[in-house]
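One structure is given here, and the rest of the page talks about it.
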Amino acid sequence: MPAVRITGIAIAVAMMSLLIFMTFHKSYYLSLSLPAVSWPDNKERGVDTLLNSPAFEDSLEKLKAHELDLFLSTLLENEKARQIDQLSQKEKKALFLSELPSHLLLQFEGNNLVLELRSIKHAKWSDFLVAVSSGFFVFDVKPETRELKEKFIWSTDYALLVKVLLTAFAITLLIGVLLLWLKRRAS
């Protein structure tokens with residue numbers, strides 16, 4: 001049965017495509033969900049407000065050189081990440097500030113606010129964002145660092161991965177059916 005063979009090959013190719021995609025694409029995100037009332041009342045809602053806050057600037061100033069390199073390497077594409085060693089510390093901070101907004105997402109969903117960071121998975125990100133969050137967000141009772149760190153959760157973007165898997169499967173299946181049809185027509 002050629003149809004069974006084609007389907008099996010399509011499944012194998014789709015799975016390999018997914019593995020390759022996950023190797024080179026940031027399919028994880030670090031998520032924090034808080035009550036919407038945690039956002040300061042006098043501040044405009046948006047990522048830029050968070051990134052321009054004194055809490056963020058203090059956390060950025062406290063970063064060591066190797067930590068900044070680590071964060072940049074998890075945010076940047078491979079081509080750019082290889083070039084960060086040639087930059088000065090000031091240029092690295094400027095690059096970090098220009099790249100981070102495109103990887104941060106802030107949404108207000110009903111009574112909650114959700115902050116997501118899309119990057120390569122590394123534990124240092126939650127430490128950095130805990131420091132920023134504890135100084136920026138308003139809490140009735142200020143949580144301990146450990147409690148706030150537990151609210152940050154690494155998640156996988158399954159919707160994106162399913163799209164990649166199904167697209168690769170459909171394309172491979174379509175090519176297989178087309179080749180089978182051409183083979184029968186030639187016979």
Criterion first (outside any helix (DSSP H, G or I), touching a helix residue (DSSP H, G or I) at 6+ places or on another chain (Cβ under 6 Å), in contact (Cβ under 8 Å) with a residue 24 or more places away in the chain and open to solvent by less than 30 Å² (accessible area, probe 1.4 Å)) does Leu72 satisfy it? no
Among the residues of the stretch 3-13, is any within 20 Å of Leu129 (Cβ to Cβ) and open to solvent by less than 50 Å² (accessible area, probe 1.4 Å)? no
Scan the stretch 33-53 and tell me whether some residue there is closer than 22 Å to Phe128 by Cβ, open to solvent by 90 Å² or more (accessible area, probe 1.4 Å) and free of Cβ contacts under 8 Å to residues at least 60 places away in the same chain. yes
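The values are calculated or read from the model by the stated rules, or taken from the named source; none is laboratory data. A quick note: this is a predicted structure, and the numbers were derived from the prediction, not measured. Cβ atoms come from the backbone with ideal geometry, glycine included; neighbour counts cover every protein chain shown. These accessible areas exclude ligands, DNA and RNA; they are computed on the full protein's heavy atoms, side chains included. Shrake-Rupley method; radii C 1.70, N 1.55, O 1.52, S 1.80 Å.
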